[in-house]
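Read the structure below first, then the notes.
Throughout, read-outs are computed from the coordinates displayed, never taken from laboratory work. Model, not experiment: these values are computed from the prediction. Glycine also receives a Cβ, built like all others from the backbone with ideal geometry; neighbour counts cover every protein chain displayed.
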Amino acid sequence: MRHLGLIGYPLSHSFSKGYFAEKFASANILDAQYENYPIASIQEFTSLWDKDENLVGLNVTIPYKKEVIPFLHHPSSVVKSINACNCIRKFNGELYGYNTDVIGFEKSLLPFLQPQHTHALILGTGGAAAAVEWVMQHLNIPYKFVSRNASANGEKAGSSSIIGYDQLTKTLIEEHPLIINTSPLGMFPQVDIAPAIPYEAITNQHHLFDLIYNPSETLFLKMGIEKGATTQNGLEMLHIQAEESWKIWNATTPVQQ
């Protein structure tokens, strides 16, 4: 029996275990089992593999997408580029790291993009934000990060500035019709909070993408809908990246990314 799973903390919000349980049942997959591993510290990571010789693959979620990288023997080129890993495969005793978020995000976003979506705001600066940044670069969409920890004068991350929420103006919102929340604000069980942006500046020209999928409609999305914006949550992205992870875990040799 191959053991697969998800590491992060906490994991009460995650649908991954249920998704794979349903997948295995519907496809009559009997040689794999998927479990949650809510580890309170990344220092517990190594012991997971030591305790379970049948553990062959993991997904990685908040807050360990960056912290897990030093434990990898073979991070992919994408992982190296964006400094974020959300999928791990064990092969011949060594750990290979991948990022399937980039595939899931791009494929789920593309059907919603309209000609006016020429500039983006990325809310948050964690591992998921790095995947979104990679896709924005790939699609040639200029972007800015918005962070609670940005300095008053802004900082630089590559070629893109980081601004604070207190620096967001109505004009900036109007100039960035694509707004992507990569932060955990609004995730179950804290469903009554949302990123502090000037929602009054949202229009029907905006598209709001929340990587959160539990709840299916966050307060961030609700307030966007009230202003006429198109919206989407992260459920389809989750499904796409999960299927990409499944391909990685089942390949006869380590996948190149």
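Table for the structure above
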{"read-out": "Whole-number D in µm²/s for the range 103-236 (Stokes-Einstein; Kirkwood sum over Cα pairs; 4 °C, 1.567 mPa s)", "value": "89"}
{"read-out": "Spatial separation of Cα centroids for the range 84-113 and the range 41-60, in angstrom", "value": "18"}
{"read-out": "The range 30-108: GluC sites (Glu not before Pro) in DSSP loop, at most 10 other beta carbons within 10 Å", "value": "53"}
{"read-out": "Cβ-based exposure ranking for 101, 52, 210, in which fewest neighbours within 10 Å come first", "value": "52, 210, 101"}
{"read-out": "Point-to-point label distance, residue 193-residue 9, nm (Cα→Cβ direction, 7 Å offset)", "value": "1.8"}
{"read-out": "DSSP-defined beta bridges in the range 103-236 - what % are antiparallel, rounded to 5", "value": "15"}
{"read-out": "Computed lengthening from residue 235 to residue 21, 0.36 nm per intervening residue step minus Cα-Cα distance", "value": "75.4 nm"}
{"read-out": "Long-range HN-HN contacts of residue 55 with modeled amide H, under 5 Å", "value": "3"}
{"read-out": "DSSP beta bridges in the chain [antiparallel fraction, %, rounded to 5]", "value": "25"}
{"read-out": "Computed [θ] at 222 nm, deg cm²/dmol, the chain (DSSP H ≥ 4; -39,500 (n - 2.57); rounded to nearest 500)", "value": "-8500 deg cm²/dmol"}
{"read-out": "Sites residue 30 and residue 50 - FRET efficiency at Förster radius 25 Å, r taken between beta-carbons, to 0.05", "value": "0.45"}
{"read-out": "Unit Cα scatterers, Debye sum, the chain: log10 I(q)/I(0) for q = 0.13 Å⁻¹", "value": "-0.82"}
{"read-out": "Label-point separation in nm, residue 165 to residue 216, each point 7 Å along Cα→Cβ", "value": "2.7"}
